[in-house]
Amino acid sequence: MTPLIVTSLVLLAYYGVPFAYMRWLRSRARSRCRRDGVVILTFDDGPSDTMSDRILDCLDKHKVTAAHFVTTRNIKNREAKILRAFNRGDIVGCHGDQHVHHWKSAPWAGIRDIRAGWARLHEITGQKTTLVPFRPAYGKLNLLSLVFLLLHRTPIAAWTVDSMDTSAQRPENAQQIADRVGREGGGIVLLHDYDRQDEKVNNFVIEVIDLLAANSTPEAGISSPTTATFQ
């Protein structure tokens, strides 16, 4: 083989295998949610000074649980918010420590970030954090970080419906997200827990929760996530 072919095969394995694996996870999650008629609320990047409490208050109001994928650099002085979520029965998973993009950093940086996130989260919740769901930043893993997680039997958390709450092209209103979830027959909804300067976006997140909870029925609606949800 020529050096060019070897290099191409290495890059294909390094990026392509985890990319395909994440696509498979999303496809499987979409099928499961449609089959069971469930909606799972998930929140990345917390905890935050204001939004964490607003989100938890809204979840309390509707008596539903959710999954929070914590960026552990944000925990300092906000430990009580993590414990509040944990003690109410929510999944408190890991989103890494420094929100490392596994495609745009050194090959070992993603693993180092996962380990740091696990250690910090364990200090707060006491969980065996290798066994709680992990969601990679930007939904990206490289081959090394994927193998690392699989060897630890760590559930990898995909999503099926992106609320686009971090995008300039986000929907004009929360009803569009509720409508999409309805068309898909359920789903794992991606939202974000951090304080924006634009209060309209903060309100958008709360409105999505309100609408999805209002549309829930005993047969189809917001369900309590468990570790098995992401296995």
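Nothing in this text is a laboratory measurement; each read-out follows from the coordinates by a stated rule. As the structure is a computational prediction, the values presented were derived from the model and not from experiment. A quick note on method: Cβ atoms are made from the backbone with ideal geometry, for glycine too, and the neighbour counts reach across all protein chains shown.
Tabulated data
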quantity	calculated
For residue 92, distant residues with modelled amide H under 5 Å away	68
Per-pair calculated FRET efficiency, R0 = 25 Å: residue 153 and residue 15 via Cβ, rounded to 0.05	0.60
Three-way shape label, region 1-124, alpha-carbon gyration tensor, a/c 1.5	oblate
Ranked 94, 33, 58, criterion: other C-beta atoms within 10 Å, fewest first	58, 33, 94
Extent along principal axes [Cα atoms of region 1-68; Å; largest to smallest]	62, 35, 8
Highest-MSF residue in the chain out of 133, 18, 171 [GNM, Cα springs under 10 Å]	171
Rg/Rh ratio calculated on Cα atoms of the chain (Kirkwood radius)	0.98
Residue-wise HN-Hα coupling along region 65-75, computed from phi with Karplus coefficients 6.51, -1.76, 1.60 (Hz; x: Gly, Pro)	10, 8, 10, 10, 9, 8, 8, 6, 5, 8, 6
For region 153-231 and region 24-77, distance of Cα centres in Å	8
Under-5 Å amide H pairs with residue 192, H placed in peptide plane, nonlocal only	44
Relative contact order of the chain, pairs being alpha-carbon contacts under 8 Å that are 6 or more residues apart, as %	30
Calculated from backbone phi, Karplus (6.51, -1.76, 1.60) coupling profile of region 124-134 in Hz, x at Gly/Pro	8, 9, x, 6, 7, 5, 5, 9, 9, x, 10
In Hz, Karplus ³J(HN,Hα) per residue of region 79-92 (6.51, -1.76, 1.60; θ = phi - 60°; x = Gly, Pro)	4, 5, 5, 5, 5, 4, 5, 4, 6, 8, x, 6, 6, 10
Residues whose placed amide H lies under 5 Å from that of residue 39, excluding near-sequence neighbours	187, 221, 222, 223
Net charge of Cβ neighbours under 10 Å - reference residue 129; Lys, Arg +1; Asp, Glu -1	+2
Fewest-first sequence of 62, 102 by Cβ atoms within 10 Å of each Cβ	62, 102
